[in-house]
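**Student:** I am attaching a structure below and will ask some questions about it afterwards.
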Amino acid sequence: MDAPIIELAARVKEIKASPTLAVDAKAKALKAEGADVLNFSVGEPDFDTPPHVCEAGKAAIDEGFTRYTPVPGILPLREAVCHRLATDHGWRYQPDQIQVSCGGKHGLYNMAQALFGPGDEVLIPAPYWVSYPPIVQLAGATPVIVPLDEASDFDLDPAVLQQYATPRTRGIILNSPSNPTGSVLSARALEAIGKMALENSWVVISDDIYDTIVYGDDKLPHILEVDPRLSEQTLILNGVSKSFAMTGWRIGYTAGPKHIIAAMNKIQSQSTSNPSSVAQKAALAALNGPQDFPRQMRDAFVPRLNFIMEALTAIEGVTCVRPRGSFYVFPNLSAYFGRQSQDGRVIGDSVALADYLLEEALLATVPGAAFGADQFVRFSFATSMGVLEEGMKRLADALAGLR
Ligand SMILES: *Cc1c(COP(=O)(O)O)cnc(C)c1O
């Protein structure tokens, strides 16, 4: 084939499209052909957006709230974010310290553009959320991957972190509870991170998107509780995508130091201008309304979590850290690497295994390689109990079929 006439920019060749969305597309295509695919790859709740939130969106349209809004988001929504941060966590923010963006992912993108550039290194513990490294790369900076250990429940070991820090380190991205592991960072790890951040003027990005989906009653330790001075160098990322089942509305928000939010607003003003006016009104209803929806959703996930944990760990050779939050499990399936399928294919890594599971058992999962951890495969349990039961049967059979 001839090379196309129009060349692409170098930066786009360096990054990959989101692998989680790619698996989802492949599974949906198989399903459209009539295959009975069970989808464990989806990164969103299987709940509908609550009715009062949808009504607020519809009312916004009917009232003609359909024009540009202020770049950082409408003031009532930024006030509602401040209210939630104060009520739920005791953190004090002013509306000029809040940016509303087109989803949490976009908030992260704005941060990276505002903070990082060529020569900068950003620490990213792995397993990581798929979008962290490319978002850092798109800013021209270098992601530095810090490996976490399954044996310590994917907590961060301060001594390991120390090995990856250099004078070029500008910041670190934390995600607790984590996608894909569901693990949380311990107070000890956060203390060490906070100390290093203070000593070396790092920015700490705390992706708290799963903070309403937590199992057990203990309050999660948080970087802002380590030392009050850290609020000057911490960015809190959150949004309504997961907590209110609003992934399609595209509303996320960032809380942080005023000058960083101002810089992010400059970036946003020259790219998306503002998040959707209608979606902002819906998010306002979510944040100011009753907060029982996230809790109900969490409660509904508990029996599914218990079931999938039991089913996975009953399979020979499989280990799985019990998630403390989120709706993912991240079993280690590497005991099956090196084995062969009936048709003679050797399963060499997580990508080959996920492909085998999709083709052989019609199970859509996401290979751990996408999260920088090749021994694992991610399963979302934001799906019905019936799908979980059938899916775990198929998984056990498919793995047993490897020789
Ligand atoms: C889903 C998710 C987000 C935010 O997603 P948006 O849909 O862009 O709001 C951020 N971080 C992690 C780890 C996620 O899983």
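The values are calculated or read from the model by the stated rules, or taken from the named source; none is laboratory data. Predicted model, so just to flag it, every value in this text is computed and none were measured. Note: ideal-geometry Cβ built from the backbone for every residue, glycine included; neighbour counts use all protein chains shown. Areas reflect the complete protein model, heavy atoms only, side chains present, ligands, DNA and RNA absent. Shrake-Rupley method; radii C 1.70, N 1.55, O 1.52, S 1.80 Å.
**Student:** When you have a sec, figure out the Kirkwood radius of the range 301-363 from all distinct Cα pair distances and drop it here in Å to one decimal? Before the final figure, lay out each step's value.
**Tutor:** Numbers: mean 1/r = 0.0774 Å⁻¹.
Here the Kirkwood hydrodynamic radius works out to 12.9 Å.
**Student:** I've got another one for you. So what is the diffusion coefficient of the range 102-213 in µm² per second by Stokes-Einstein at 4 °C and 1.567 mPa s, using a Kirkwood Rh over Cα pairs? Intermediate values should be presented prior to the final figure.
**Tutor:** Details: Rh = 14.1 Å.
Roughly 92 µm²/s, to the nearest whole number.
**Student:** What accessible surface, in Å², does a 1.4 Å probe find on Y109, ignoring ligands, DNA and RNA and rounding to the nearest 10?
**Tutor:** The value for Y109 is about 80 Å².
**Student:** Turning to a different aspect of this structure: Top mean-square fluctuation among Q94, Q233, Q270, Gaussian network model of the chain, C-alpha springs under 10 Å?
**Tutor:** Q270
**Student:** Another question, then. Need one number: nm distance between label points at R67 and D149, each 7 Å from Cα along Cα→Cβ, rounded to one decimal.
**Tutor:** It works out to 6.0 nm between the two label points.
**Student:** Which sequence of R170, R403 reflects their accessible areas, 1.4 Å probe, from the largest down? All intermediate terms of the calculation are to be shown ahead of the outcome.
**Tutor:** Details: R170 85, R403 185 Å².
Largest to smallest exposure gives the sequence R403, R170.
**Student:** While we're on this one: Can you list, largest first and rounded to whole Å, the semi-axes you get for the chain by taking the square root of 5 times each eigenvalue of its Cα gyration tensor?
**Tutor:** 34, 25, 23
**Student:** Given the C-alpha centroids of the range 29-71 and the range 306-327, what is the distance between them in whole angstrom?
**Tutor:** Using only Cα atoms, the two centres lie 29 Å from each other.
**Student:** Once neighbouring chains are kept in place and the probe is 1.4 Å, which whole percent of the accessible area of the range 67-288 is contributed by carbon and sulfur? It would help to have the intermediate numbers written out before the result.
**Tutor:** On the way: 4340 of 8480 Å².
Here it works out to 51 percent.
**Student:** Quick one: Cα centre-to-centre distance for the range 208-252 and the range 355-397, in angstrom?
**Tutor:** The two parts, judged by their Cα centres, are 27 Å apart.
**Student:** Turning to a different aspect of this structure: Just to check, using Stokes-Einstein with a Kirkwood Rh over alpha carbon pairs, what's the diffusion coefficient of the range 67-288 at 10 °C and 1.306 mPa s in µm²/s? If you can, show how the numbers build up before the last one.
**Tutor:** On the way: Rh = 17.4 Å.
Stokes-Einstein gives a translational diffusion coefficient of 91 µm²/s.
**Student:** I'd like the Kirkwood hydrodynamic radius of the range 257-375, using the inverse of the mean 1/r over distinct C-alpha pairs, in Å.
**Tutor:** Answer for the range 257-375: a Kirkwood hydrodynamic radius of 18.5 Å.
**Student:** In addition: Return the distance in nm (one decimal) between the two label points of a simple spin-label model at M385 and E14, each offset 7 Å from Cα along Cα→Cβ.
**Tutor:** Result for the modelled spin labels: 4.9 nm.
**Student:** Another one. Can you run the Rg to Rh ratio on the range 183-227? Use alpha carbon positions and the Kirkwood inverse-distance Rh.
**Tutor:** 0.99
**Student:** Next up: Quick one: how many Å² of I15 are accessible to a 1.4 Å probe, rounded to 10?
**Tutor:** About 40 Å², rounded to the nearest 10.
**Student:** Just how much of W249 is accessible, in Å², when a 1.4 Å probe is used and the result is rounded to the nearest 10?
**Tutor:** 60
**Student:** Which residues in the range 382-403 have a backbone N closer than 16 Å to a point placed 7 Å from the Cα of A314 along the Cα-to-Cβ line?
**Tutor:** 385-400
**Student:** Calculate, for the chain, the solvent-accessible area per residue in square angstrom, rolling a 1.4 angstrom probe over the heavy atoms of the protein chains. If you can, show how the numbers build up before the last one.
**Tutor:** Numbers: 17740 Å² over 403 residues.
I get 44 Å² per residue for this part.
**Student:** What is the gain in length, in nm to one decimal, between V302 and F337 on full extension, counting 0.36 nm per residue of separation less the C-alpha to C-alpha distance?
**Tutor:** 9.6 nm
**Student:** What FRET efficiency would be calculated for the residue pair A35, D292, taking the C-beta separation as r and a Förster radius of 35 Å, to the nearest 0.05? Can you show the working numbers first?
**Tutor:** Details: r = 38 Å, r/R0 = 1.08.
Rounded to the nearest 0.05, the efficiency is 0.40.
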